[in-house]
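Below is one structure, written out as structure tokens; comments come after it.
The values are calculated or read from the model by the stated rules, or taken from the named source; none is laboratory data. As the structure is a prediction and not an experimental result, all values here were calculated from the model. All Cβ positions, even for glycine, are placed from backbone atoms using ideal geometry, and neighbour counts span all protein chains on display. We work out accessible area using only protein heavy atoms, side chains counted, and drop any ligands, DNA or RNA first. Shrake-Rupley method; radii C 1.70, N 1.55, O 1.52, S 1.80 Å.
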Amino acid sequence: MTETKNDLDAASGARRVEWIRSRMPLLAQAREDFERTRPFEGHRIGMSLHVEPKTAVLVETLAAGGAEIAGTGNHGSTQDDVVAYLNDLEVDGRRLTIFGRRDDDLVAHHANVGRVLDAQPSILLDNGGDLAAGIVARGGTASILGGTEETTSGGDRLRTELAGLVPFPVIVINDSLLKQIGENKHAVGQSVAESFMRITNLMVPGTRFVVVGYGWCGRGVAHYLRSLGGKVAVAEIDELKAFEAALDGFRVSTAVDLAPWADVIITATGRPGVVGAEVFDRMHDGAILANCGHFPWEIDVPALLASSVSSRAVDEAIDRIELPDGRHLVLLAQGRMFNLAGRSPKGNSIQSMDLGFLLQTLSLERIALAAASGSLPAGAQPVPDDIERTIARRMLTAMSASA
């Protein structure tokens with residue numbers, strides 16, 4: 001019998017997930033606990049999250065706890081072999097349903113989000129607030145017990161655009177100090193440096209980088225690039241964060257002022273349009289633009305393309321943008337999160353996602369268990385302190401065991 005592409009993809013996904021699973025001891029312990037306690041029995045979790053091998057281990061863990069799962073990935077970062085693997089997976093006679101492909105555009109992504117909501121989840125595992133915004137727009141909030149939100153961008157959305165509209169608790173994983181240190185600073189810093197080298201094949205030592213934003217992700221990116229020999233400056237409009245960056249030894253100014261100096265500009269703010277026409281106009285010929293924030297909006301790509309003479313792909317995840325004055329700029333991954341949307345993406349390190357996804361797992365368990373008692377308030381809120389401390393102890397134990 002001839003194997004189909006889906007069969008081959010599923011087999012590839014299974015091999016990759018097996019490698020990752022064997023190196024995520026925190027989720028392995030949670031899975032064993034959930035097989036016994038079944039906290040998600042009778043619940044369907046609607047998921048919008050980057051679909052890659054580490055995410056598959058999270059999905060397996062939630063399914064072991066009794067959850068039915070309908071999910072989708074994010075624009076440009078979905079890995080097709082992992083989708084095929086998860087859709088072939090059966091847990092206790094239950095099949096998972098994962099929508100999406102790597103080549104989905106934004107229209108297709110939003111359609112996939114709609115298909116997840118069509119499955120009528122009772123708990124949301126959100127990334128960027130897409131599911132929460134969708135359920136509010138549909139007027140179906142009464143059916144949701146609660147959820148989690150993975151990102152800075154989603155947390156901001158819940159506290160601004162969706163403030164007062166979400167009548168169920170949402171635990172914002174990105175508010176966790178554990179995630180901010182372990183994943184945002186160290187893992188994003190490492191994955192951005194690694195992805196830049198892999199995608200461009202350029203040296204870090206001696207290259208002039210401007211990191212836009214000095215939150216936890218920006219801190220990590222700046223420190224990792226400098227540790228590899230890069231010359232790094234920071235663009236930051238918040239006075240306290242700018243002060244911190246200056247004391248950490250970085251040159252600090254605005255993105256506009258630093259643009260002529262930069263060989264590479266990397267955005268890490270979670271906010272739209274932080275690098276736009278005024279910056280493009282001052283960048284030197286051949287300079288590179290890249291984004292590591294969740295949404296593909298930090299670099300004003302539409303404005304860049306509108307002002308260009310032409311644009312062409314020169315390699316996977318590398319576009320050359322020709323400008324009317326004879327300069328050209330280089331855009332990585334079309335402005336998407338290039339450490340998950342570039343060539344052969346690896347994303348954040350396995351250990352950091354073991355920690356981050358245990359935060360997701362135990363927070364979702366808290367949502368499920370608190371639903372009957374109403375012990376959690378409505379709206380965006382941080383990870384409960386006892387969960388953070390439990391995970392810190394487990395992570396330290398895991399690190400000591402490998403010392």
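Report for the chain the percent antiparallel among DSSP-assigned beta bridges with both residues inside it, nearest 5. Please report the intermediate quantities before stating the final value.
Details: 12 of 54 bridges.
Rounded to the nearest five, the antiparallel share is 20 percent.
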Q: Grab the Cα-Cα distance for GLU35 and ASP105, subtract it from 0.36 nm times how many residues apart they are, and report the gain in nm with one decimal.
A: 21.5 nm
Q. Which far-off residues, 5 or more places away or on another chain, put their amide H under 5 Å from the one on GLY146, with H placed in the peptide plane?
A. LEU124
**Q.** Accessible-area ranking of THR207, THR97, THR148, largest first, probe 1.4 Å
**A.** THR97, THR207, THR148
**Q.** Per-pair calculated FRET efficiency, R0 = 45 Å: SER253 and ARG23 via Cβ, rounded to 0.05
**A.** 0.65
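If you wrap a convex hull around the Cα atoms of region 170-310, how much volume per residue is inside, in Å³?
Values: hull volume 16.4 nm³, N = 141.
So the per-residue Cα hull volume is 116 Å³.
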Q: Find the lysine pairs in the chain meeting two conditions, Cα atoms under 28 Å apart and a separation of 8 or more places or different chains, and report how many there are.
A: 13
Q. Mind checking the dipole of region 8-150: about its Cα centre, +1 per Lys or Arg Cβ, -1 per Asp or Glu Cβ, Debye to the nearest 20?
A. 180
Q. Over the C-alpha atoms of the chain, what are the Rg and the largest Cα-to-Cα span, Dmax, in Å?
A. 21.0, 66
Q | Rounded Å value of the spacing that divides the Cα centres of region 230-266 and region 342-363 | A | 28
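Could you compute the net charge surrounding GLY71? Neighbours are other residues with a C-beta less than 13 Å from the C-beta of GLY71; K and R count +1, D and E count -1.
On the way: positive: ARG44, ARG95, ARG115; negative: GLU52, GLU60, GLU68, ASP118, ASP126, ASP130, GLU150.
Within the 13 Å Cβ shell, the charges total -4.
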**Q.** Antiparallel content of DSSP bridges confined to region 8-105, in %, to 5
**A.** 20
Q: Report, by chain and number, residues whose modeled amide H sits under 5 Å from the one on VAL172, excluding near sequence neighbours (fewer than 5 apart, same chain).
A: GLU149, GLN381, VAL383
Q: Quick one: check the C-alpha center-to-center distance for region 12-67 versus region 185-205, whole angstrom.
A: 28
Q | Spin-label pair GLU194/ARG95, simplified geometry with 7 Å Cα→Cβ offset, distance in nm | A | 3.4
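For region 323-388, how big is the tail of P(r) above 12 Å, as a whole percent of Cα pairs?
On the way: 1691 of 2145 pairs.
Considering region 323-388, 79 percent of its Cα-Cα pairs are separated by more than 12 Å.
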Q. Can you run phi through the Karplus equation (6.51, -1.76, 1.60; θ = phi - 60°) for region 149-156 and list ³J(HN,Hα) in whole Hz, with x for Gly and Pro?
A. 10, 7, 10, 4, 4, x, x, 4
**Q.** Spin-label model distance (nm) - GLU161 vs PHE243, 7 Å beyond Cα toward Cβ
**A.** 3.2
Q) So for the pair ARG15, SER373, with labels modelled 7 Å out along Cα→Cβ, what separation do we get in nm? A) 4.8
